[in-house]
Amino acid sequence: KQWYQRRVRARKTDKPAKAIKLTPTDEDAVDAYNLFYTNNQWYAILRQHQILCERLFTINTYNATVAEQEMKDRKCRKEPTAQAIKMRLTNPLPVEHYYTHFLSLVKDLLDGNIDPGAYEDKLREMFGVNSFVAFTLDKLITHIVRQSHTLVTDAGCNQLKNLYTTYRSGGGAGGSLATQPSRSSQEQNYLKDAEQTIVDENLYKIYFSIEALATVYWKVDPSW
């Protein structure tokens, strides 16, 4: 995933563009995208959520790779010496269950049922040096929860959500990339209304691409 910043110039239109009804083809197209103009609060929680997803994906991918290799090695591996002499294994959990157990550990950490030191030790047992990306997940999730409360209670954040909903239904906040030229005037009107809604804050243009499975961020410069 990549994130970019560039200046976006808003074009002023005298006449409002006619609303464009999104068809199922636009919504379900492979090249479909969503467009969201937003403020600092929305930008913060979307970035935090993206970081959370990336870290979970990293752990899950590593677990899947290790589990696949373990399944291949298990076929030709003899009984481990420690198991043969009935020694207590440090981590008797099957490798393919590591990720599920990891999610349970995160929940226990958030609930206060395990201390951070023990949590990190258990992650090291399962994921080795790759476990560091999950060490501070509890803090990240806590920030997301607090930011979610801000979105619910802040009037400006709700106005931006309602503005997105309005333009989304009218064709000005995304659709098929192939039909984007027919929506350009609506998207410019969306930008104009977002600029009038956001006062004394940064304005961000957030572009969700379904085909690329990516989110692109632009910081809009009001001087352009």
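The values are calculated or read from the model by the stated rules, or taken from the named source; none is laboratory data. The structure displayed is predicted, hence computed values, not measured ones. Backbone-built Cβ (ideal geometry, glycine too); neighbour counts: all protein chains shown. For the accessible areas, the whole protein counts, side chains as well, though only heavy atoms, and no ligand, DNA or RNA atoms are used. Shrake-Rupley method; radii C 1.70, N 1.55, O 1.52, S 1.80 Å.
Beyond a 20 Å Cα-Cα separation, which of these cross-linked pairs lie in this structure: 161/205; 139/205; 72/122; 161/192? Walk me through the intermediate numbers first.
Numbers: 161/205 13 Å; 139/205 27 Å; 72/122 24 Å; 161/192 15 Å.
Correct reply: 139/205; 72/122.
Label-point separation (nm) for residue 209 and residue 68, each offset 7 Å from Cα along Cα-to-Cβ?
Computed distance between label sites residue 209 and residue 68 equals 2.5 nm.
Taking amide H positions as placed in the peptide plane 1.01 Å from N, state which residues far from residue 37 in sequence (5 or more) or on other chains have amide H under 5 Å from it.
Under 5 Å from the amide H of residue 37 lie the amide H atoms of 206, each far enough along the sequence or on another chain.
Give the carbon-plus-sulfur fraction of the accessible surface of segment 151-191 in %, rounded to a whole number; probe 1.4 Å, heavy atoms of protein chains only.
Percent of accessible area from carbon and sulfur atoms in segment 151-191: 58.
Determine, from the Cβ-Cβ distance of residue 177 and residue 49 and an R0 of 25 Å, the FRET efficiency 1/(1 + (r/R0)^6), rounded to the nearest 0.05.
0.60
Report residue 145's accessible area, 1.4 Å probe, all protein chains in place, as a number in Å² to the nearest 10.
We get 90 Å² for residue 145.
Return the tail of the calculated pair distribution for segment 120-165, meaning the percent of Cα-Cα pairs more than 15 Å apart.
Tail of the P(r) past 15 Å holds 61 percent of the pairs.
Treat each spin label as a single point 7 Å out from the Cα along the C-beta direction, and report the residue 155 to residue 142 distance in nm.
Output for this residue pair reads 3.2 nm.
Rounded if a/c is under 1.5, else prolate if a/b is larger than b/c, else oblate: which is segment 144-212, with a ≥ b ≥ c the root eigenvalues of its Cα gyration tensor?
Here segment 144-212 falls in the prolate category.
Mind giving me the FRET efficiency for residue 201 and residue 108? R0 is 35 Å, r the Cβ-Cβ distance, nearest 0.05 is fine.
Rounded to the nearest 0.05, the efficiency is 0.40.
With θ set to phi - 60°, apply the Karplus curve 6.51 cos²θ - 1.76 cosθ + 1.60 along segment 146-152 and write out the HN-Hα couplings as whole Hz, x wherever there is a Gly or Pro.
5, 5, 4, 5, 4, 4, 6
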